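What follows is a short report on a single structure.
Values in this text are rule-based calculations from the coordinates and carry no lab data. Because the structure is a prediction, the values reported are computed rather than measured. Here Cβ is always computed from backbone atoms with ideal geometry, including for glycine, and neighbour counts include all displayed protein chains.
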Amino acid sequence: MHWIYLLIASCFEVCWLYSLKFIDLKKIKAIPLKEYFSSLEHWTAILPVLGYVVFGIGNIIFFSLAMKKLPASTAFAVWLGVAMAAVKVIDITVFKEPYSTMQLFCILLILAGIVGLKMNG
């Protein structure tokens, strides 16, 4: 079960990272305090901040659950490796970022290392 917690923590980490991408502090600062939740436009400015908080807390909770049974070094390597690979895949597929064959090969190496840690851990 601790490996599942680690994968969930990695997913929360990826969502947390992308919530940062969509935070627009200028829009948030421009909202009058009394009108924060009064219109859909304000919600679209506030939602990434709420996501940042929720995904950050979820990440901490699930990562700490995984670390109760896994060595810290293994947990950290897998958590970070899965998150990095997922971010690269999302960048390529959703945000149409350029990529090279060498980048994909390196991601495969990271994933192979994760599998190796799982099989030997």
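Residues of the stretch 46-64 with amide nitrogen under 16 Å from the 7 Å Cα-to-Cβ point of ILE31? Correct set: 46-54.
Taking 37 °C and 0.692 mPa s as conditions, the stretch 18-121 diffuses translationally at an estimated 199 µm²/s according to Stokes-Einstein applied to its Kirkwood radius (Cα pairs). Between 0 and 90 degrees, the angle of helix 2-22 with respect to the longest Cα principal axis of the chain falls at about 40 degrees. Can you give me the C-alpha center-to-center distance between the stretch 1-44 and the stretch 46-121, rounded to a whole angstrom? Value for the Cα centre distance between the two parts: 18 Å. For the residue pairs LYS21/LYS88; LYS29/LYS96; LYS21/LYS96, the alpha carbons lie more than 22 Å apart in LYS29/LYS96. Partners of LYS34 within straight-line reach, counting lysines whose Cα lies under 23 Å from its Cα and excluding those fewer than 8 residues away in the same chain: LYS26.
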